[in-house]
Structures are given as structure tokens and as C-alpha cells.
Amino acid sequence: MVTRSQPHIYTQVISCWNTSFLSFRALFNWLAPRHFVLAMVATPIMELIFFAFLGSNLGVEDARFFLLGGAMLAACTPSIAGGVMALTSERHFGTFEHILVSRRSRSYLLLMRAVPYSFMGIVASVLTLAGGMIALRVLLSPRHLIMFIALLFLGCLSSAFFGMALGVLGLVASNVFLLMNVAISTISIGAALVVPLSVLPKWVQVTSHVLPVRHVAQAVREMGSQDFKGAILWNAGSEVLVAAVWALVMLASFSRLESRMRREG
Amino acid sequence: MNMSAALSGAVSFLTATRFHIRDLSRETSDVALNLITPIFYACIAYFLHVAGGRQQNLADLMIGAGLMGMWSSIMFGAGTVIKAQRYQGTLEFLLGSPKRFSSIIIPITTAASVFGAASMLLTLLWGVVVFDVRVDLAHVPGMTLAALVTTLAMGCFGLLIAALFVQARRAESMASPMIAPLWMLSGILVPVSGLIEPLRPVSRVLPMSWGAEAVRAAATGSPYWFGLASCAATGVVYLLVGSWAINVVARRSRDKGEVNLW
């Protein structure tokens, strides 16, 4: 009998990174940059200008609030959509079985898949932020910009894991894209991206702690304030926890689904 | 045109519109998204209204949020009309039909507009039930009339959008960034007077800005006939321009053998 030992962790991680990057290129339907720019950059720029315009007319917050919120929302959309498509598109293109027969660790394979989508979220967000800064004539200092990107990467990771958890649901349920759109809209309100957190009902404020980007948004809003360092540590830690919870939910539900598929054929 | 021909045309239009409403309703997730999205707009408008010290009329904001949904329905529904027919494999039959191409497309864009009207109604109901918006029942007939005229005018506007997006393979990507500027220009949540001076005349050529004014005025019992008439008039202009544009595009494509590029 021939036995094959599991590859070293390092080899697994590198290999999973390579496959996740290749799958990202193959599955994410934004191969033409023009379409990506129209849907993932131009649209959020226009929306943040609209919300800033609405906010200024209703006397709510300032342009910086809507600029940062709009840029964070721009990061959420490709991260969540990518997370969903990382699984549902595999099935759509008939390559999902290849994952199931792979002897790679599911944990590495799935966790790594979130990374390219998170980077895509960052790219969309930075481009949106640049466009928004020009349109709204609001400038962020380089220090705040770097902090924003670093914090946002955590938010993008939790969004991608959240999207992948939805993607697992999409393997057994129809209309997952409807659910995805509802989730993104819920995050825009619940994570206080386009409305101030203080006006949300108490139950929304409490339940929104499980939403991706919620804590990052809170940390970003604190940028430049006196107790920013404390807020950044607390909120970054909370966002990492949220990302970990969604990753666990995704892995557990995928594992359960896989065993059911193998059991029931 | 005699009376019976006009009546026959109207019956044909209504039958085709009903058919396309049923056709569009088959995709339940699209219908649900059309109806649910404006509710989120309404929630955002409400929370911003609260944060801003409740200075604006909440009913106006709910109507505006519903009209945001109508814009989305029109831009995606009319923008992707050619793509949808191509996807269903019915585009060639429609192009080969002896009727004018515009008279085939207008019921589809009107059907998309009807979904927008439904989302406006649902958003207003959401506002009444959840946010305690007060609507005087005596003003409901006026609001219904204004909403009906706006729906028809936006259906006509959709014809022009369909003509503009004829050869766009990714019409959704093109329509998507245009929606928020149209929300601003048509003054549906913030009055046109809030726009910078050079942009104000642009809003006057959009049927939605007149329609929004008419619906808002009807909701408060103010005179709305001027807004309603202007909405209808701009709708007629878009019907003529849109029909001409889409017929020209269809004829040129047939002549040059470019229908396969649609």
C-alpha cells in the first residue's frame, strides 16, 4: 500500500496562494478593466457624491464622513461579491468537483481564496477615495491614508469571509445574489457607512457588531481624534475577531455541506 | 389616424405591456431586488433625516426614495432590454417583426417603469408603517394620477436609454454609474434648488424632476397640474426622440448587416 504524507504547511500555503490567485483571475468576471472601473469605482464615486450632497442638504455630518463611508462601501462590494463568486462560480463553471477531489487542506484552500478579493476591495476603495477626494475637495493626510488602507484590509478580509459564507449558502440555495445585495445594503446602514451610528436604533447598534467593516468604520471615524490609538487597537482587534468568526462559519458550513454531499452522493 | 386605429394601438400597447410585466415577473429575485432596494434607500433617507434634526418633510423623503427605485428600474430595465432579448433568443424575431421597432420596445420599457412605480408604492407603505409617515387619504387620487403620468413618462424616457445602450454588451456596468447623478439632477430627495446653478436647467429636461414635483405637491394637497403637464410633455418629447433614435439604429443595423453586433 502506498501512503502519501501531507505536504509541509509552508508548501500548502504557497500552493493554496497560487491556486487562489489563479481562481481569482479565472472566476472574477472583471477581466476587462473598463467594466471593473465602471461598476466598482465610478459607481461608488457617484454614490458617495450623492450621499455627501444629500447629507449637506439635510445638515448631517461633513463631506469627509461621506467620503470615508463611500470608500469603505466601495471596498465591501467587490470583497463580498468576490467571496460569494469564489464558491458559486466554481460550480457555475463546473470546476467545483475539482476542489472536492483535491487533497489540499480545505482550510488553507478556502481561507487563501479571500486574500485576492480583499486586495481587489482595497484597489476599488483607494481609487474611489482618490476620485471622491477630488470631487468633494477633501484631502486626507498621507498618515491617515496609510492607516485607512491598513485598517480597511481587515474589513475587506472579514467582508470576503462573510461573502464566502454566503457563497456556501449559495451552493444549496437559489437567489444568493439577492441575499448578497441585501447584505451589502444592510452593511451600508448597520456598519454606519452612510449614516451616523448614533441615530440607529439600539438593537441595530448592538446586532451590527457582527457585520464586516463595522469596527473598521468606527476606527476610521476616530482618525485624528485624541484617543485614536486606543480606539484603533480595540476596533482592529474586534474586526479581526469578526473576520475569524465569519471564516469559522464559512469553514464549518462548507465542511458540513461537503460531508453531506459525499454521504448522499 | 382614425379613432379605431388609435384604440387598436392603445389596446396593443396595453396587452404588450401586460405581457412584459408578466415576463419580467418570472425572475423573482430581480423583482424582489427591485422592491427591496428602495426600502434601504428609504431607511438611509430616514436616518439622515433624524440625524439632521427632522427638518424636511418625511413623506417627501419616502416618495423620493421610491423614485430612486424607479430610476434604478428604468436604467437597468431599459438599459438592458436589448441584452435581455438577445439572451432569451427573441431579439431577431422582434427585429424581423413588421411593426416599428420602437413600438415593440416601448411596452418593455413601460413594464420596467411599472416595477419602479410598484417600488415607490411599497416604499411609501414602508414609510407609513415603519416610520409613521402621514399621508392624507384625500390626496391619494392626486398622488396616484401623478405617479401614473410619471410612470408613463419614464417609460418613454427608457426608450431613449434603450437606444443609447443598443450595442452595449455590459449595459448594467454602463447604467450603474449614471444612476446617482440622475438622482441628484432630478431633485427627488433634494430639491432642484439645491443644485449648483449650471445644473438646474438640465433637471428641467428630465421627466422625473417634473414627476417628483407633481407627486410631492399632490401629497401635500398643493397644485400639481403644472408639474404633471410638464412631466407629460417631456415624456412625449422623449417618446418621439427615443422612437426616432431606436428606429434609426435598428434600420442602420439591418442595412449594414450589423444586427449580430447587438
Test item: Cα-centred dipole of the protein assembly as shown, Lys/Arg +1 and Asp/Glu -1 on Cβ, debye: 1160 debye
Selected from A:54, A:178, A:22 as most flexible by GNM, with chain A as the system and alpha-carbon contacts under 10 Å: A:178
Label point at residue A:143 placed 7 Å out along Cα→Cβ; residues across the stretch A:226-252 whose backbone nitrogen lies under 12 Å: A:226, A:228-229
Highest-MSF residue in chain B out of B:229, B:180, B:171 [GNM, Cα springs under 10 Å]: B:180
Chain B: relative contact order in percent, alpha carbon pairs under 8 Å with at least 6 residues between: 24 percent
Peptide-level mean, for B:48-60, of C-beta atoms on other protein chains within 10 Å: 4
Values of log10 I(q)/I(0), in the order q = 0.13 Å⁻¹, for the stretch B:1-134 under a Debye, Cα-only, solvent-free model: -0.64
Signed unit charges on C-beta, dipole axis of the stretch B:26-261, positive-most listed residue B:156, B:144, B:102: B:102
Whole-number Å³ per residue for the convex hull built on Cα positions in the protein assembly as shown: 185 Å³
Three principal axis lengths of the stretch A:9-80 [C-alpha, angstrom, descending]: 55, 29, 14
Shielding of B:172-185 by partner chains, average beta-carbon count, 10 Å: 5
Equivalent ellipsoid dimensions for chain A as semi-axes, Å, which come from the Cα gyration tensor, largest first: 34, 19, 18
Span from the the stretch A:196-265 Cα centroid across to the the stretch B:25-85 one, whole angstrom: 27 Å
Furthest towards positive pole of dipole, A:253, A:15, A:170, structure part the protein assembly as shown, Cβ charges: A:15
Other protein chain Cβ atoms within 10 Å, averaged over every residue that makes up A:59-72: 1
Cα principal axis extents for chain B, largest first, Å: 60, 42, 40
Packing-based exposure ordering (other Cβ within 10 Å, fewest first) of B:236, A:126: B:236, A:126
Max mean-square fluctuation residue, GNM over chain A, Cα-Cα springs under 10 Å, options A:58, A:241, A:87: A:58
From phi via Karplus (6.51, -1.76, 1.60), per-residue ³J(HN,Hα) for the stretch B:187-196 in Hz, x at Gly/Pro: x, 7, 10, 10, x, 4, 4, x, 7, 5
Where chymotrypsin sites (Phe, Trp or Tyr not before Pro) fall in DSSP loop in the stretch A:57-156, at most 14 other Cβ within 10 Å: A:93
Values of log10 I(q)/I(0), in the order q = 0.19, 0.21 Å⁻¹, for the stretch A:122-171 under a Debye, Cα-only, solvent-free model: -0.69, -0.77
Cβ-placed point charges (K, R +1; D, E -1), dipole of chain B about Cα centre in debye, nearest 20: 620 debye
Charge dipole (the stretch B:26-261, unit charges on Cβ, about Cα centre) - positive-most of B:93, B:202, B:33: B:93
Inter-part distance where the stretch B:126-147 and the stretch B:223-262 are each reduced to a Cα centre, Å: 32 Å
Helix runs (DSSP H) in chain B reaching 27 Å along axis by Cα, Kyte-Doolittle at least 0.0: B:3-25, B:28-51, B:58-79, B:101-130, B:140-164, B:225-256
Part-to-part distance (alpha-carbon centres) for the stretch A:47-119 and the stretch B:8-22, which is given in Å: 41 Å
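The numbers here are math on the coordinates, done by the rules we state, and not lab data. What you see is a predicted model; the values in this text were computed from it and never measured. Quick reminder, even Gly has a Cβ in these numbers, built from the backbone with ideal geometry, and neighbours come from all protein chains shown.
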